[in-house]
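Have a look at the structure below before the remarks.
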């Protein structure tokens, strides 16, 4: 496919995209022209195949193919109503996958919408990663502060590990740090929090922040009193989670946050290279 033709197609596809409430969509009648289908009835056959693919993929057809009526101008000032569809990026991708592969426009659309769909997936994944990563960094900061506070109050590193484990035991319904690692099949030398979902990391952090505040505010001294404070705060976090039907020890582990960061960056590089080749 000629490079100038590819650039023309890319410009055309991007000019026809519409956005409403942050959601991109194309009109089926426009896509019909972009994919070089002369007859609407023939294009509808491709759309029906795409709907079947959508259903087979476990997606709700109505979320991606939205039927509408619109009025078009006719000669001599007349007008008429015609059927049309609002198509999500994913719907366009499925239509391209079910189109006539002999058409150059179809070949381009298959690549274009596959890349665009993957871009959106990576954006959503990066947002989720960023939220989890920020929660993890806050927990690191609050635990670092707790470690300094308790060291000033006569508690060593081994004591800090015991305090943290007792806090986990309160949060996870009787499972201490080591037992939670075993339950979730986490390597012994890796931090538990690197494998926890954002909501659990945030709960651990809030409990630790409260402990830090009260240790300073009430000048708590020694391992026993600080442990009691940490246990109390984690029990309160567990109560809040349970009230919202979240049982922290029953939540499945998340992907290792360190590996996830590397994978997202690697896929972004690959996608950038693929986009460059298709531009």
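Panel order for 80, 178, by other beta carbons found within 10 Å of each beta carbon, from fewest to most: 80, 178.
Ordering 194, 168, 100, 81 from the fewest to the most neighbouring beta carbons within 10 Å gives 81, 100, 194, 168. Using a cutoff of 8 angstrom between alpha carbon atoms and counting only pairs six or more residues apart, the relative contact order for segment 125-269 works out to 34 percent. Distance between the pseudo-spin-label points of residue 57 and residue 39 (7 Å out from Cα toward the beta carbon): 2.7 nm. At 25 °C and a viscosity of 0.890 mPa s, what translational diffusion coefficient does Stokes-Einstein give for segment 214-259, taking Rh as the Kirkwood radius over Cα pairs? Give it in µm²/s as a whole number. So the translational diffusion coefficient is about 189 µm²/s.
No value in this document is a laboratory result; all are computed from the given coordinates. Quantities reported herein were computed from a predicted structural model and do not represent experimental measurements. Counting neighbours? That spans all protein chains shown, and the Cβs are built from the backbone with ideal geometry, glycine included.
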